[in-house]
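Here's the structure, in structure tokens; my notes come after.
The values are calculated or read from the model by the stated rules, or taken from the named source; none is laboratory data. Keep in mind it's a predicted model, so treat the numbers as computed, not measured. We place every Cβ from the backbone using ideal geometry, glycine too, and count neighbours over all the protein chains shown. Calculation scope for accessible area: heavy atoms of the full protein, side chains included, ligands and nucleic acids excluded. Shrake-Rupley method; radii C 1.70, N 1.55, O 1.52, S 1.80 Å.
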2 protein chains.
Amino acid sequence: MTGQTIDPTARLAHIARFEPEIRAFTACDPARIEADLRTAPPGPLSGRLVGVKDIIDTAHYPTGYGSDIYAGHRATGDAACVALLRAAGATMAGKTVTTEFAFFRPGPTTNPFDPARTPGGSSSGSAAAVAMGMVDIGIASQTAASLTRPASYCGVVGFKPTYGRYALSGVKALGPSFDALGTITPDVATAIAADAVLAGPVPAASTIVPRAPARIGICRTPWWHEAEDGTRMAMAEAERIFSAHTTVEMVEMDEFAAAADLHITIMSFEAAQALAWEYQARRETCSPQIVGLIEAGRAITRATYEHAQNEAARLRTRAAALFTRYDMLVAPAAPGEAPLRTQGTGSPIFSRLWTLLYLPTVTLPGLVGPLNMPVGIQCLGPHGADETLFEHALWAEALLPTRPLPSLLKS
Amino acid sequence: MTGQTIDPTARLAHIARFEPEIRAFTACDPARIEADLRTAPPGPLSGRLVGVKDIIDTAHYPTGYGSDIYAGHRATGDAACVALLRAAGATMAGKTVTTEFAFFRPGPTTNPFDPARTPGGSSSGSAAAVAMGMVDIGIASQTAASLTRPASYCGVVGFKPTYGRYALSGVKALGPSFDALGTITPDVATAIAADAVLAGPVPAASTIVPRAPARIGICRTPWWHEAEDGTRMAMAEAERIFSAHTTVEMVEMDEFAAAADLHITIMSFEAAQALAWEYQARRETCSPQIVGLIEAGRAITRATYEHAQNEAARLRTRAAALFTRYDMLVAPAAPGEAPLRTQGTGSPIFSRLWTLLYLPTVTLPGLVGPLNMPVGIQCLGPHGADETLFEHALWAEALLPTRPLPSLLKS
């Protein structure tokens with residue numbers, strides 16, 4: 001399933017076969033993929049297919065930001081992340097479905113494990129395309145839970161780096177204090193390979209190997225009462241597995257209880273600024289969800305916003321102190337299994353805290369809930385220690401069950 | 001000269017008269033200005049004309065980022081800052097000249113005090129247009145010294161807020177860790193009026209009045225040996241004036257000596273990421289200056305970059321400690337008077353430190369050098385205390401000589 005072993009023709013047939021049901025792409029041009037596979041420069045990502053979330057500019061495909069305002073919009077050039085991947089030999093498979101401006105209005109993508117269920121938002125298309133083996137690397141983004149949650153719902157690996165690690169040039173802003181690019185991949189090794197390209201202007205040699213954390217902290221978070229059976233089962237199972245190999249302790253998280261509200265305050269205020277033109281000039285073409293977000297932001301005073309920013313900075317200091325005791329934290333990635341599509345894209349509650357704290361997070365698949373649908377867990381490391389987190393995530397991935405495969409792929 | 005007292009017809013004639021010599025605009029449409037003046041919504045900036053630096057997206061004018069790659073480029077919508085100003089009643093006068101990608105390749109703008117001299121870079125057009133009274137508010141940006149230096153060279157007020165205060169949605173990135181929007185205005189009061197709009201999604205009521213700082217620190221900075229006579233004269237005069245009214249002390253700044261190099265490291269690394277597409281796909285259409293910047297960035301390892309970021313964070317903590325003693329700092333805004341255009345846009349050395357420290361800065365005009373050309377001084381306040389800095393800047397502005405007027409405007 002890691003792609004480089006599948007020949008391009010088979011891969012294109014695979015996409016053509018499953019795309020009508022999965023609807024992961026807003027644009028995908030087989031002729032261009034074939035041409036690009038032939039002409040891509042040699043590099044560490046040669047032969048890898050990449051799905052690019054459609055809030056990210058591309059020269060060769062339209063970029064619609066999930067918004068009716070930008071239907072058919074053509075950017076002049078590729079976003080920095082796309083340019084870096086292409087220069088490293090990767091080939092774009094196309095643009096993947098996002099919710100409107102990476103917020104809540106869902107696109108058409110279905111969950112590969114059950115077409116009645118959501119793949120999550122907002123990196124819906126990237127997560128579903130990776131789960132189905134249509135692409136090797138899905139470029140995703142997260143302002144609240146937009147990467148971690150679809151990775152959890154689709155049974156794949158999600159990596160959101162330390163805030164600021166990947167360049168955002170050419171990416172539509174939603175809440176700039178939190179907006180971060182990341183990847184969705186079949187496994188941690190592929191996330192590491194992509195990171196070596198996306199973190200630099202020049203691809204770096206990677207020497208990351210699995211390493212056991214000396215002490216893991218289990219963070220049920222202050223929102224544990226919102227965890228459903230799937231997440232409770234997954235967290236219990238992860239704790240059982242890891243504690244057979246290293247020290248595992250429960251972490252008291254009450255002092256972080258304000259984080260979710262702080263995150264909402266900062267994100268809403270900033271979205272009202274970032275989307276000022278869309279609101280002032282094209283309000284009738286925005287969804288009620290986006291108008292609601294912006295109007296909530298407009299009702300927040302600058303003083304309230306700045307207070308929230310100061311509190312967020314204080315919590316980041318508190319989080320740094322946690323890592324003097326724990327080398328890795330394990331937390332829920334979502335409230336449970338993917339909800340029905342009629343219920344939306346799921347709750348971001350279990351990611352708001354970590355996004356606010358700017359910590360790198362790897363969401364790992366392997367566990368399932370009562371419906372036999374995927375449920376991820378997320379592993380977190382200290383701010384700026386992305387390589388160390390990868391080492392621990394490789395270790396954890398090897399202990400967890402193999403990621404579940406959509407039934408469509410088992411035949 | 002504050003604009004709202006000049007009727008629109010006279011203002012348009014004024015622009016038409018002086019633009020052929022000043023060349024402040026990349027695009028300026030008198031018919032549109034007249035129409036917009038009639039139809040602008042009522043608001044706190046009604047009747048004010050705004051010049052928008054051409055690295056900032058606009059729906060109604062081309063946006064070229066100062067780059068041949070983007071000649072004639074049309075953005076779909078207005079950048080957030082433009083939308084906020086328009087919603088507050090302001091009218092766009094057009095797009096103002098920038099250097100290429102807000103870096104070093106100069107545009108055609110001349111200094112209003114001497115056409116053989118540079119207006120500074122990169123916010124060249126905004127500074128010259130404000131100095132000439134063509135616009136009331138120039139939107140500018142700063143990644144190194146791109147706002148402070150042209151304000152100094154053109155004898156106008158420059159305000160770069162605390163990093164992050166103004167939304168960057170729709171602004172071309174150069175070095176995202178430093179990129180900041182700000183304003184160039186005829187006086188501090190106009191900067192305050194613009195700030196009340198740009199800092200919110202909703203315009204705020206302002207209660208800012210002049211207030212004397214209890215203790216001023218004079219920061220010659222570790223680069224004082226690069227100060228020319230004009231800056232030495234201006235700093236001595238500012239010290240003499242302020243010390244007649246409050247306590248003024250010299251600040252030892254040696255511990256900040258590494259800041260300029262740290263700034264260059266971070267900016268170069270990030271420019272190589274942010275402009276990855278331009279470098280990979282359009283290198284032959286980039287200036288040698290931009291290619292040089294990107295290639296310098298590509299030679300920096302991620303470890304070196306992260307070390308520089310950590311050192312920068314440490315210096316920000318040291319700067320916060322300075323403000324326990326001083327409520328305002330005063331520092332050079334540029335090495336001296338504007339150099340000849342044949343020599344480029346001037347040295348950014350006296351702003352790199354403050355940009356790195358994320359501090360708000362107001363550059364004040366009034367003083368002149370041996371050539372009788374303007375030389376600014378910059379006033380700095382603590383991180384996040386932009387309103388307090390405005391109070392102190394109003395006090396300082398009232399004590400300094402009235403800003404010099406270009407000879408073209410004296411007739």
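Assorted remarks:
- A:Ala212, sole failed condition from (1) in contact with a helix residue (DSSP H, G or I) (Cβ under 7 Å, 6 or more places away or on another chain); (2) more than 25 Å from B:Tyr279 (Cβ to Cβ); (3) buried (at least 21 other Cβ atoms within 10 Å of the Cβ); (4) more than 14 Å from chain B (Cβ to nearest Cβ): (3)
- The helices (runs of 4 or more DSSP H) falling completely within the stretch B:271-344 that include 1 or more residues that are within 22 Å of B:Ala257 (Cα to Cα), among the aliphatic types (A, V, I, L, M) and in the same structural domain as B:Cys219 (by TED's automatic domain parsing) map to B:302-322.
- Meets criteria (more than 14 Å from chain A (Cβ to nearest Cβ) and at pLDDT 95 or above) for B:Pro161: no
- Scanning the stretch B:273-327 for residues that are of a type in the set (A, V, I, L, M), under 22 Å from B:Tyr163 (Cα atoms) and open to solvent by 20 Å² or more (accessible area, probe 1.4 Å) yields a count of 4.
- Criterion applied to A:Thr183, A:Thr221 was being more than 14 Å from chain B (Cβ to nearest Cβ), touching a helix residue (DSSP H, G or I) at 6+ places or on another chain (Cβ under 7 Å), on the phi > 0 side of the Ramachandran plot and of a type outside the set (Gly, Ala, Ser), and the one residue passing it is A:Thr221.
- When the test is whether a residue is touching a residue at least 60 places away in the same chain (Cβ under 8 Å), within 11 Å of chain A (Cβ to nearest Cβ) and part of a loop (DSSP other than H, G, I, E, B), B:Gly77 passes it.
- Looking only at the stretch A:262-272, and only at residues there that are under 21 Å from A:Gly64 (Cα atoms) and of a type in the set (A, V, I, L, M), the one that is surrounded by the most Cβ atoms within 10 Å (Cβ to Cβ): A:Ala271
- B:Leu37 being of a type outside the set (Asp, Glu), open to solvent by 30 Å² or more (accessible area, probe 1.4 Å) and either within 21 Å of A:His73 (Cα to Cα) or in contact (Cβ under 8 Å) with a residue 40 or more places away in the chain (or both): yes
- The test for being within 13 Å of the chain's Cα centre (by Cα), open to solvent by 10 Å² or more (accessible area, probe 1.4 Å) and not assigned by TED's automatic domain parsing to the domain that holds A:Glu387 does not hold for A:Asp114.
- Scan the stretch A:1-39 for residues that are among the small types (Gly, Ala, Ser), part of a loop (DSSP other than H, G, I, E, B) and modelled with pLDDT of 95 or more and the total you get is 1.
- Meets criteria (touching a strand residue (DSSP E or B) at 6+ places or on another chain (Cβ under 6 Å), of a type outside the set (D, E, K, R) and over 30 Å from A:Ala88 (Cβ atoms)) for B:Ala238: yes
- Among the residues of the stretch B:84-112, just one is within 12 Å of chain A (Cβ to nearest Cβ) and under 15 Å from B:Ile55 (Cα atoms), namely B:Phe101.
- B:Arg48 satisfies every condition listed in (1) of a type in the set (D, E, K, R); (2) surrounded by 24 or more Cβ atoms within 10 Å (Cβ to Cβ); (3) within 11 Å of another protein chain (Cβ to nearest Cβ) except (3).
- Residues in the stretch A:277-302 that are within 7 Å of chain B (Cβ to nearest Cβ) and farther than 22 Å from A:Gln142 by Cβ: A:Trp277, A:Gln280, A:Ala281, A:Arg298, A:Arg302.
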